[in-house]
1. List, in order, the whole-Hz ³J(HN,Hα) value for each residue of region 135-146 obtained from phi through the Karplus relation with A = 6.51, B = -1.76, C = 1.60 and θ = phi - 60°; use x for Gly and Pro.
2. Within region 220-239, name every residue whose backbone N is under 20 Å away from a label modeled 7 Å from Cα of residue 75 along the Cβ vector.
3. What pairs from 127/172; 127/236; 101/204; 145/172 go past 30 Å between their alpha carbons?
4. Which of the trypsin sites (Lys or Arg not before Pro) across region 168-257 are loop residues per DSSP, with 15 or fewer other Cβ within 10 Å?
5. Using the Karplus curve 6.51 cos²θ - 1.76 cosθ + 1.60 with θ = phi - 60°, work out ³J(HN,Hα) for each residue of region 169-183 in order, rounded to whole Hz, and write x for Gly and Pro.
6. Along each of its three principal axes, how wide is the spread of alpha-carbon positions in region 178-242, in whole angstrom units, largest first?
Amino acid sequence: MQRFIIGIVGIAVVIFGFQAFVSSKTEGGLPEIISEAAATPTEQAAAPVDEPTAPVEEPAAPAATEPAAKTPAQQALDALANVPVTPATRIPAYDRDLFGKAWEDVDGNGCDTRNDILTRDMTVTAKEGTCKVLTGTLTDPYTGKTINFVRGQQTSQAVQIDHLHSLSGAWKAGAYAWSDDQRVAFANDPANLLAVDGPTNSGKSDKGPSQWMPSTVGGASYDCTYAIDYTNILVKYELTAPTTDITTLQTTLANCA
């Protein structure tokens, strides 16, 4: 009987202890595990999220600019650097006849060069047939004067055809060594010819730029055009020039727009 009672009591102690163990796991351990598991999403939601950032744009490189085109004056000034100085050498005596008669019909249009230039540079009011200019009006590029041209023995020379680069000057600058055909072409080249006031042309004669420019007779506004055309003739025909003429042309061209 005593052993039975002790057995019952032992069983009761074991049951009681088991209940206490279960209770401690339920109230202490298990809630803690659940709490940690439940806390994880909350903590993850609270974690800072990196915001996407906009890409930083590099500043655009400045567009390449094309160099400004050179003006005719600048082009002439560059070309003038290659014009050689006239050497001091003995040359044959100048002879106007070696440049052909005045004037030839070098372009074969049936009109001589003088009438071609008069037609180009004047306002022509009457012609004879297809060539000879009978009357017209010229605005002289050297003086700015208006000249009424009337063909005739006493009146035709009111308008003359000027060689910008004179024939005698070209002779000294290298034309003495040219062929006859080259000299005829030079004497009749429209790029070297200009219809002008007769007395002004006579006063200019065969002077180079260092001795005569349009500004000499009051036509300063034409100096740039004259210097450009004169330089182009030097280059075209590979002529030499005196140092004084080159210096005058350089100074003039440097001050042109």
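1. Taking θ as phi minus 60°, the curve returns 9, x, 10, 10, 9, 5, x, 7, 10, x, 6, 9 Hz for region 135-146.
2. Counting backbone N atoms under 20 Å from the label point, the list is 222-239.
3. Working: 127/172 38 Å; 127/236 33 Å; 101/204 21 Å; 145/172 32 Å.
Checking Cα-Cα distances, 127/172; 127/236; 145/172 exceed 30 Å.
4. Working: sites: 172, 183, 204, 207, 236; in loops: 207.
Here the sparse-neighbourhood loop sites are 207.
5. Taking θ as phi minus 60°, the curve returns x, 5, 4, 5, 8, x, 5, 4, 9, 7, 7, 4, 5, 5, 5 Hz for region 169-183.
6. Principal axes ranked by extent give 37, 22, 19 Å for the Cα atoms.
Quick note: the coordinates plus some simple rules give every number you see, no bench work behind them. Source: prediction; values computed, not measured. With ideal geometry, Cβ positions are generated from the backbone for all residues, glycine too; neighbour counts draw on all protein chains shown.
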